[in-house]
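Engineer: Got a structure for you, written out below as structure tokens; questions coming shortly.
FYI, it's all coordinate maths here, none of it is from the lab. All values derive from a computational prediction rather than experimental measurement. Virtual Cβ from ideal backbone geometry, glycine too; neighbours counted across all protein chains shown.
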Amino acid sequence: MLSGTASSNMIEESRNARGSRSTLGRIIDRYYIKTDKPSGIVNDPNGWSREVGDPRHILHLVARVTTASVETMRIVDPLPPLDIVEPVEK
């Protein structure tokens, strides 16, 4: 799975950002316990993890996302710069 230290992998993952947020940042934004005020329904990712029998689901998800991001950067970094040629207006 991951090689290197957790902190070096997190730094690499943050380089693989889409827009202003890294993939890991978007996961962290979504995976918290929250209650919908109108309905009172509680969204608890930990409860879902227990329901499906994988209490480490979120940990595994973070590891997979980080691995994919680090591997993406390992593949992309050696690529030459992309030269974008603008069309000539007539």
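Engineer: For segment 60-73, just list the computed ³J(HN,Hα) in residue order, Karplus coefficients 6.51, -1.76 and 1.60, θ = phi - 60°, integers in Hz, with x standing in for Gly and Pro.
Structural biologist: 5, 4, 4, 5, 5, 5, 5, 4, 4, 5, 5, 5, 4, 5
Engineer: List 23, 72 from most exposed to least, where exposure is judged by having the fewest other Cβ atoms within 10 Å.
Structural biologist: 72, 23
Engineer: In whole Hz, with x marking every Gly and Pro, tabulate ³J(HN,Hα) for segment 85-90 from phi via Karplus 6.51 cos²θ - 1.76 cosθ + 1.60, θ = phi - 60°.
Structural biologist: Each residue's phi maps through the Karplus curve to give 9, 6, x, 7, 7, 9 Hz.
Engineer: How large is the dipole of segment 19-73 about the Cα centre if only Lys and Arg carry +1 and Asp and Glu carry -1, each at its Cβ, rounded to the nearest 20 debye?
Structural biologist: Value, rounded to 20: 140 debye.
Engineer: So who's got an amide H within less than 5 Å of the one on residue 21, skipping anything under 5 residues away but keeping other chains? H placed 1.01 Å off N, in plane.
Structural biologist: Correct list: empty.
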